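The values are calculated or read from the model by the stated rules, or taken from the named source; none is laboratory data. None of the values given here were measured: they were computed from a predicted structure. Here Cβ is always computed from backbone atoms with ideal geometry, including for glycine, and neighbour counts include all displayed protein chains. All accessible areas refer to the heavy atoms of the entire protein, side chains included, with ligands and DNA or RNA removed. Shrake-Rupley method; radii C 1.70, N 1.55, O 1.52, S 1.80 Å.
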Amino acid sequence: MPIELDPDAFDALVDRALDTIPDEIASLVHNVVVLVEDEPPETEPADTLGLYDGIALTERTWMPGADLPDRIFIFRNPLLDFCDSEEQLADEVRITVVHEVAHHFGMGHDKLEALGYG
């Protein structure tokens, strides 16, 4: 059974997950905004927990518009549906945040899966 959590409390989980990223890595993340949305876009599976929208640092070259921020989306309702407890939710939010930040650095799904962030 999915759990319920008000949007402010969910946002706090995302903030705490961001705070767990080591300073050495966080200091390399520039021009990225983290957004919480209720649902993924229709172009994504309904159970998508997070999404990185941008150009990974490993693939980046200068181009017009490159100064726009990359975006990391965290999808509240799929995460709530996926979890059975607030403890599991906090863990899955952390995993999702780390997973999407790793995409910013060019890490693919296979590598993330091997590291336990799949």
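DSSP beta bridges fully contained in segment 14-103 are about 40 percent antiparallel. Modelled label positions at ASP110 and ASP11, each set 7 Å beyond Cα in the direction of Cβ, lie 4.0 nm from each other. For GLY54, nonlocal amide neighbours, meaning residues 5 or more places apart or on other chains whose placed amide H falls under 5 Å from its own, are ARG71.
Residue separation of LEU68 and LEU35 scaled by 0.36 nm, minus their Cα-Cα distance, works out to 10.4 nm of gained length. Phi angles of segment 22-33 translate, via the Karplus equation with coefficients 6.51, -1.76, 1.60 and θ = phi - 60°, into HN-Hα couplings of x, 4, 4, 7, 4, 5, 8, 8, 10, 6, 10, 10 Hz per residue; Gly and Pro are given as x.
Put a dot 7 Å past the Cα of ASP84, heading toward its Cβ, do the same for ASP53, and the two dots end up 3.4 nm apart.
Here's how it looks for ILE3: its modeled amide H is under 5 Å from those of CYS83, which are all 5 or more places away or on a different chain.
Think of a 1.4 Å ball rolled over the protein heavy atoms: the chain then has 62 Å² of accessible area per residue. Extents of the chain, largest first, come to 46, 31, 28 Å (Cα atoms, principal axes, whole angstrom). Label segment 68-115 by shape, choosing from rounded, prolate and oblate, from the square roots a ≥ b ≥ c of the eigenvalues of the Cα gyration tensor; if a/c is under 1.5 it is rounded, and otherwise prolate applies when a/b is larger than b/c, oblate when it is not. Oblate shape, in that a/c is at least 1.5 and b/c is the bigger or equal ratio. Against the chain, whose longest principal axis is taken from its Cα atoms, helix 86-104 shows a tilt of about 10°. A straight chain from ASP91 to ASN77 at 0.36 nm per residue would run longer than the Cα-Cα distance by 3.5 nm. Computed from phi, the 3J(HN,Hα) profile of segment 5-13 under the Karplus parametrisation 6.51, -1.76, 1.60 (θ = phi - 60°) reads 7, 5, x, 5, 5, 5, 4, 5, 4 Hz, with x in place of Gly and Pro.
Backbone geometry of segment 73-82 corresponds, through the Karplus equation with coefficients 6.51, -1.76 and 1.60 at θ = phi - 60°, to 3J(HN,Hα) couplings of 9, 10, 9, 4, 5, x, 5, 4, 5, 6 Hz, x marking Gly and Pro.
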